[in-house]
1. Pick from segment 154-164 the residues that are more than 13 Å from the chain's Cα centre (by Cα) and not in a loop (DSSP other than H, G, I, E, B): which of them is farthest from residue 22 (Cα to Cα)?
2. Scan segment 124-141 residue by residue and report those that are in a strand (DSSP E or B), surrounded by 14 or more Cβ atoms within 10 Å (Cβ to Cβ) and touching a helix residue (DSSP H, G or I) at 6+ places or on another chain (Cβ under 7 Å).
3. Scan (1) in a strand (DSSP E or B); (2) in contact (Cβ under 8 Å) with a residue 40 or more places away in the chain for the single condition residue 94 breaks and write down its number.
4. Just a yes or no: is a residue in segment 52-62 within 24 Å of residue 89 (Cβ to Cβ), part of a loop (DSSP other than H, G, I, E, B) and touching a residue at least 12 places away in the same chain (Cβ under 8 Å)?
5. So how many residues does segment 29-53 have that are crowded, with 16+ Cβ neighbours inside 10 Å, farther than 17 Å from residue 160 by Cβ and at pLDDT 95 or above?
6. Among the listed residues 104, 120, which satisfies the condition of being loosely packed, with under 14 Cβ neighbours inside 10 Å and more than 24 Å from residue 75 (Cα to Cα)?
7. What's the number of the only condition in (1) exposed (fewer than 15 other Cβ atoms within 10 Å of the Cβ); (2) in contact with a strand residue (DSSP E or B) (Cβ under 6 Å, 6 or more places away or on another chain) that residue 164 fails to meet?
8. Quick one: residue 112 ticks every box in (1) buried (at least 18 other Cβ atoms within 10 Å of the Cβ); (2) part of a loop (DSSP other than H, G, I, E, B) except a single one, so which number is it?
């Protein structure tokens, strides 16, 4: 018979922790822009150099986790080696000035919504991506690999369209070189546990 002086242990635990997302030497955030026409096999890769956010991960119920990310649009750089320095500068000016309008909309944000578990450490995340003040739903494929409970490796892929955000696709050579109405976001992030939860 159980000793009544010994309290029953709870069968439920709250195994949810908060992590900070910051730029590290290992992490990267890049947007791939695909060409069409005469340069259909080429793509631009735009790197975001300033970003941050948070991850709240529930180890017992990963579907209840959530994440928020913020990107500095003016920190975007282009390192395409197949473009001359002058062309890179011209393309980046078009991206920041005409397409993203960074002086008016300096931030790009993502906030997660519904999360579906596909397999161990693999998830499909519905969220809201806001560009130029326009918020649109987007679905991301996420691999979330914990390193103990102090660090995560997040590998994120999401696709979205220029037309969803009212952006005109760049073209050149009288339309012979165009741009597909699709961008692909690739993030490799390493959130670390906040000191208050450590």
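1. 163
2. 131
3. All conditions are met except number (1).
4. No - not one qualifying residue is present in segment 52-62.
5. 1
6. Unique residue meeting the criteria: 120.
7. (1)
8. (2)
The values are calculated or read from the model by the stated rules, or taken from the named source; none is laboratory data. Note that the structure is a prediction, hence the values are computed from the model and not measured. Cβ atoms come from the backbone with ideal geometry, glycine included; neighbour counts cover every protein chain shown.
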